[in-house]
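The structure appears below as structure tokens.
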Amino acid sequence: MQRGSTVEQIPSSMGAQRDAIERARRTLGTIILGKDEQISLALSCLLARGHLLIEDLPGLGKTMLAQSLARTLGLTYRRIQFTSDLLPADIIGVSVFRQDRGEFEFQPGPVFSQLILADEVNRATPKAQSALLEAMEEYQVSVDGETRALPKPFFVVATQNPGDQIGTFPLPESQLDRFLMRVAIGYPNEASERELIAGADRRAMIDEIEAITGPETLLELQRSAARQTVSEPLIDYVQALVRFTRESAEIETGLSPRGAQALVAAARSRSFIENHSGVFPDDIQAIFASVAGHRLKPAGSTQFRSPSELCQHVLDSVAIP
Amino acid sequence: MMRAQPRGTDGALLSSLPWTLAALVVSLVPHVPYLAFWITGAFVSCAAWRYTIEKQRRMLPSRWIRGGLALVCFLGVLATYSSISGVGPGSALLAIMASLKLLETRKRRDQFVLLFISIFLVMSSLLREQYLWSLPYLVVSTLIIMTAWLRMSASEGESAKQSFNTGGRLLLYAAPLAIAMWIFFPRLATPFWSVPIDTSRGMTGLSDTMSPGDISSLSQSNEVAFRVRFDGELPQPKDRYWRGLVMTSFNGRTWQASEPRIAAPAREQLEFIGQAYSYEVTLEPTQQQWVIAMDMPMEWSLERTFMGPHQQLSRVTPIEQRVAYRLVSYPSYRVQAELPRLFRRFYTEVPENSNPRTLALARELRAAAESDLDYIDAVLAMFRNEDYYYTLQPPALGSNSVDAFLFDTRRGFCEHYASAFSVLMRNAGIPSRIVAGYQGGEINPLGGHLIVRQSDAHAWTEVWLPDYGWRRVDPTAAVAPERIDYGTRDAALDGVGVSWGFSAPSQLLQDLTMAWDMLNMKWNDWILGYSPDKQKSFMEWLGMDEPSRRKMLLTFVIAVIALILLISGFMMLRYRPPNKDRLAVLYNRFVKKTGVDRRIGETEQAFAARAARESQLPAEAIESVTIAYLNARYGPGVPGSEETLRQAILKIA
């Protein structure tokens, strides 16, 4: 199933860009109830050209989030269900011999879409995983010695079920690093849940979503977000945070320079979405747990039970300069 | 080959030079009254010259000019003071060389030298005097010098006020250390250094000779001569005679002290009667050897002090610094009931052919009187009943000053009466001598102590009568009894006030004077008078057994370490990462104003939300400051954003 936008009006003025973001947020908010923070994070991730890993139990709306993102942003969307017998070719595509023309023709795989939902990514073998991860990193794939560029923009939203242990291949740290953010959705609150139970079918609602932006607009928004001001004191703050993760006894491996870059990039988008005049420490803190959570390796003796607790500890220990 | 140094200025020192000049001015101020006029003038012109050079980016004077000026000034100091050692010439030399150093101040290093000089000048002013106001002066001048220092190394954006605040903070940090040092560092009985003090200034108050005819106007100095604190009740005003020095020889015009050739030990001649008074005297420096005591002292605590043959207390060394000592005195006493013939002659000597009319009068009165006592009464009655006046502005007298006073002018103050009375006694063969000292004193109701001023200086007579010994006779009391009962101030001011249309000094002024005096007394008692003895008893009070220098030094070291630990602990607790920019400083001021502590890692927005709940400030104000701060500090640096923040914070205040 492929959905594309037809005619796209690219907003150039700041006002129009803000308007587009606001509308996208509102639309997403009507589908995924009570999860404004996660919506905001997911949008920040996409605006920062990052890939998103959603890690949570089944039935919490992971797929719905990915689908409605694609619809709202007017992107072509494919879903790949990762299974243990998934082959790289199932992702990338294959060259098929066309007898009528007497030549090979490349049949593009699902990876050639603007937004891909890689469902239950940890169920596939490392071989299949790495095919996707390579595409995420390079924004291109090589098939039969030929390099093919992926569409622009290109996003991967992967989901993973942390509860599953048997028959899974958890992503190694080096590959987790490819995802800009890892977010958990969590249970909805009581009021939202009530509305979900009583309300209309979400799938039908998704189908009715009208695209608010298109690929071109999204690229424009990405460029604007990347221009958000990052001031000297903010860099001081990021450096202090990174330094703390490297020096703390609670953490075995701290943030890498790439991790620091990721923090700033995500915070830029967040600041853009929040309509801040520059990147504020608040923006850093808002995205910190989702950007740093899967990049920090806690020490064996740590007293913090989850990555988000550990991240909160970091934020509570480093003064804002 | 020597490369000539560039002499031009580029205005780089323009921002810090005024501060350096201010530091120099402040450090010179206490020296100005002692400096020769030309030195102050030289400093002012050098400072103005140097500032103009910097302002107009001119050339500094050449090496030859500077060298010539230095030589001229050095010789000038030598000529003015005829020495280059001692406090006076030393500070003069320092002042003039600092002025000249200005003319070659090109770099920061030269400015450092100037500031070192100003610190030294400030300290050297303490060698002269340490008054109560010296302390505020020290604080202010050190603060200005510190500011000047910080100005030199200040970064571009730093304001003078910031430097001033930093300087103040540094001084505050140093203060506990200085106090601990002052309390615990072992005091020495003698000062570390011994500096020749200017004696050329002359002495106020008592002098060691007395020539009544020379003085035609006695200046009324309100300076404090000494203060007295009595243990119990105060003696009657008529008993408050403070002995200073005793003058025994008269040359027809001038009285002065002289030693009798042989004398019995002074204390053996004394016999004390009646009530004793014990008290403590804090004597201002006199540069003289005599020691003030209430008539008649029996015991005194001042070291190396002895009673002379005329019952005059003298210390072996002159009193160059303020001293405090305890005494026990008896207003009633008998002294030297037996006076050998030889001494009678010594105490009745008058030059031949001087004051003939006085001699005639004495013979006439003595012949009419039945006894010496009657004669004394007759003379006193003469002063009382005839036209003799007490005045502080007596006419000048001729060569036979006693004659002129007794028969012609008939106006005078204590010295005139004491001198005339004494001569009349001697002419009649009665041994007599003059005691110069102080009489009376003013009670400070706040401190309960007695203040004796230079204007309370007095002279009276002692006559020797067989069986009675030396007896005090105060002829001034016969003329102006109120002088003795109320003190000079009232006696002299009474008429003046009415004729000039003034009333007596207002009560407020009086109260202020007394309060100031009490402060001075406390300052003398506790700060300047913190002697080895007082330190020892203070240490004992603190609970130290048998205080010794070693123990005190040890305590001092421990106290310093404890202080440093305390201060660094305090700073650690209060530690916030340094705020490099002004915006953060402004924001922190706002945080302080809210009265809510910002937690570590708390974002501005989170803090604003909490402050809106927890502080008294209106939420909109908090929000507007927060937004202005975030925009200014983290935004794209729009011009005026700092001003917006300032305005937002000002609105709160």
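Of the residues in segment A:37-67, how many are part of a loop (DSSP other than H, G, I, E, B) and touching a helix residue (DSSP H, G or I) at 6+ places or on another chain (Cβ under 7 Å)?
Final tally of qualifying residues: 4.
Is there a residue being buried (at least 17 other Cβ atoms within 10 Å of the Cβ), within 30 Å of B:N524 (Cα to Cα) and within 43 Å of the chain's Cα centre (by Cα) anywhere in segment B:331-349?
yes
Output the number of the condition that A:A265 fails; it satisfies all remaining conditions of (1) at pLDDT 90 or above; (2) open to solvent by 40 Å² or more (accessible area, probe 1.4 Å); (3) more than 12 Å from chain B (Cβ to nearest Cβ).
(2)
Consider B:E415 carefully, then state whether it is open to solvent by less than 60 Å² (accessible area, probe 1.4 Å) and either part of a strand (DSSP E or B) or outside the structural domain of B:I292 (by TED's automatic domain parsing) (or both). It would help to see each step written out before you state the result.
Details: open to solvent by less than 60 Å² (accessible area, probe 1.4 Å): yes; either part of a strand (DSSP E or B) or outside the structural domain of B:I292 (by TED's automatic domain parsing) (or both): no.
When the stated conditions are applied, B:E415 does not pass them.
Taking segment A:268-279 as the search range and keeping residues that are within 14 Å of another protein chain (Cβ to nearest Cβ) and closer than 23 Å to A:L53 by Cα, which one is surrounded by the most Cβ atoms within 10 Å (Cβ to Cβ)?
A:R270
Pairs, please: C-beta under 6 Å, at least 6 apart or cross-chain, first residue farther than 21 Å from B:R58 by Cα and in segment B:105-116, second open to solvent by 60 Å² or more (accessible area, probe 1.4 Å) and at pLDDT below 90?
Taking only residues 6 or more apart or on different chains, the pairs are B:L115/B:W149.
Only one of (1) outside any helix (DSSP H, G or I); (2) open to solvent by 80 Å² or more (accessible area, probe 1.4 Å); (3) within 14 Å of chain A (Cβ to nearest Cβ); (4) not basic (K, R) fails for B:G637. Which number is that?
Result: B:G637 passes all but (2).
For segment A:238-252, does any single residue satisfy the condition of being of a type in the set (K, R), open to solvent by less than 50 Å² (accessible area, probe 1.4 Å) and either part of a helix (DSSP H, G or I) or within 14 Å of chain B (Cβ to nearest Cβ) (or both)?
Taking segment A:238-252 and keeping what is of a type in the set (K, R), we get A:243, A:246.
Within this subset, residues satisfying the condition of being open to solvent by less than 50 Å² (accessible area, probe 1.4 Å) are none.
Within segment A:238-252, not a single residue is of a type in the set (K, R), open to solvent by less than 50 Å² (accessible area, probe 1.4 Å) and either part of a helix (DSSP H, G or I) or within 14 Å of chain B (Cβ to nearest Cβ) (or both).
Can you find, within segment B:578-606, the residue that is farthest from the other protein chains (Cβ to nearest Cβ) among those that are part of a loop (DSSP other than H, G, I, E, B) and open to solvent by less than 40 Å² (accessible area, probe 1.4 Å)?
The residue in question is B:V596.
Identify the residue in segment B:49-67 that is assigned to a helix (DSSP H, G or I) and basic (K, R) and, among all such residues, is nearest to the chain's Cα centre (by Cα).
For segment B:49-67, the residue satisfying everything is B:R50.
Run down A:A204, A:A211, A:A289 and say which single residue is of a type outside the set (D, E) and either at pLDDT 90 or above or crowded, with 21+ Cβ neighbours inside 10 Å (or both).
A:A289
Restricting attention to segment B:295-313, which residues are touching a residue at least 60 places away in the same chain (Cβ under 8 Å) and either of a type in the set (F, W, Y) or not in a loop (DSSP other than H, G, I, E, B) (or both)?
B:L313
Taking segment B:640-653 as the search range and keeping residues that are under 27 Å from B:R574 (Cβ atoms) and within 14 Å of another protein chain (Cβ to nearest Cβ), which one is least open to solvent (accessible area, probe 1.4 Å)?
B:L645
Considering segment A:292-314 alone, what residues qualify as being under 22 Å from A:S44 (Cα atoms), within 14 Å of chain B (Cβ to nearest Cβ) and open to solvent by 10 Å² or more (accessible area, probe 1.4 Å)?
A:Q312, the sole residue that qualifies.
Per-residue answers, yes or no, for (1) within 18 Å of A:F154 (Cβ to Cβ); (2) open to solvent by less than 20 Å² (accessible area, probe 1.4 Å):
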{"residue": "A:G15", "(1), (2)": "no, no"}
{"residue": "A:R18", "(1), (2)": "no, no"}
{"residue": "A:I21", "(1), (2)": "no, yes"}
{"residue": "A:T27", "(1), (2)": "no, no"}
{"residue": "A:L47", "(1), (2)": "yes, yes"}
{"residue": "A:H51", "(1), (2)": "yes, yes"}
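List the pairs whose first member sits in segment B:402-413 and is more than 17 Å from B:F250 (Cα to Cα) and of a type in the set (F, W, Y), whose second member is open to solvent by 10 Å² or more (accessible area, probe 1.4 Å) and assigned to a helix (DSSP H, G or I), and whose Cβ atoms are under 7 Å apart, counting only residues at least 6 apart or on separate chains?
Listed pairs, sorted by first residue: B:F407/B:R357.
For the list (1) open to solvent by less than 10 Å² (accessible area, probe 1.4 Å); (2) over 29 Å from the mean Cα position of the chain (by Cα), I need the number of the one condition that B:L114 fails.
It is condition (2) that B:L114 fails.
Within segment A:133-148, which residues are crowded, with 17+ Cβ neighbours inside 10 Å and within 22 Å of A:L219 (Cβ to Cβ)?
Listed by number, the residues that qualify are A:A135, A:M136, A:V141.
When the residues of segment B:607-634 are narrowed to those that are open to solvent by less than 40 Å² (accessible area, probe 1.4 Å) and of a type in the set (D, E, K, R), which ends up farthest from A:I235 (Cα to Cα)?
Top of the filtered list is B:R610.
Among the residues of segment B:188-209, is there at least one that is modelled with pLDDT of 65 or more, in contact with a Lys or Arg (Cβ under 9 Å, 6 or more places away or on another chain) and surrounded by 12 or more Cβ atoms within 10 Å (Cβ to Cβ)? Give the steps one after another, and end with the answer.
Taking segment B:188-209 and keeping what is modelled with pLDDT of 65 or more, we get B:188, B:206-209.
Still in the running and in contact with a Lys or Arg (Cβ under 9 Å, 6 or more places away or on another chain): none.
No.
I'm trying to understand the selection: among the residues of segment A:67-95, which are more than 30 Å from A:A20 (Cβ to Cβ), out of contact with any Phe, Trp or Tyr (no Cβ under 7 Å at 6 or more places or on another chain) and open to solvent by 30 Å² or more (accessible area, probe 1.4 Å)?
Scanning segment A:67-95 gives A:Q81, A:T83, A:S84, A:D85, A:L87, A:P88, A:A89, A:D90, A:V94.
Given A:P170, A:P151, which one is of a type outside the set (A, V, I, L, M, F, W, C), touching a residue at least 40 places away in the same chain (Cβ under 8 Å), within 18 Å of A:D56 (Cβ to Cβ) and surrounded by 12 or more Cβ atoms within 10 Å (Cβ to Cβ)?
A:P170
From B:L573, B:L554, grab the single residue that is away from chain A (no Cβ under 14 Å) and either on the phi > 0 side of the Ramachandran plot or open to solvent by 50 Å² or more (accessible area, probe 1.4 Å) (or both). Spell out the reasoning first.
Values: B:L573 fails: away from chain A (no Cβ under 14 Å).
Going through B:L573, B:L554 in turn, the sole match is B:L554.
Going by the conditions given, is A:D282 facing chain B (nearest Cβ under 9 Å), under 17 Å from B:A606 (Cα atoms) and touching a His at 6+ places or on another chain (Cβ under 9 Å)?
yes
With the checklist (1) over 30 Å from A:T72 (Cα atoms); (2) of a type in the set (V, I, T); (3) not in a strand (DSSP E or B) in hand, flag the one item A:I91 doesn't pass.
(1)
Pick from A:S231, A:S317: which is farther than 25 Å from A:D36 by Cα, out of contact with any Pro (no Cβ under 9 Å at 6 or more places or on another chain), modelled with pLDDT under 90 and within 13 Å of chain B (Cβ to nearest Cβ)?
From the options A:S231, A:S317, the qualifying one is A:S317.
Here is a list: B:A628, B:A621, B:A609. Which entry is more than 14 Å from every other protein chain (Cβ to nearest Cβ), of a type in the set (A, V, I, L, M, F, W, C) and either closer than 23 Å to A:A267 by Cα or in a helix (DSSP H, G or I) (or both)?
Answer to the check: B:A621.
The values are calculated or read from the model by the stated rules, or taken from the named source; none is laboratory data. Note that the structure is predicted; figures quoted are calculated from it, not measured. Positions of Cβ are backbone-derived with ideal geometry, glycine not excepted, and every protein chain shown enters the neighbour counts. These accessible areas exclude ligands, DNA and RNA; they are computed on the full protein's heavy atoms, side chains included. Shrake-Rupley method; radii C 1.70, N 1.55, O 1.52, S 1.80 Å.
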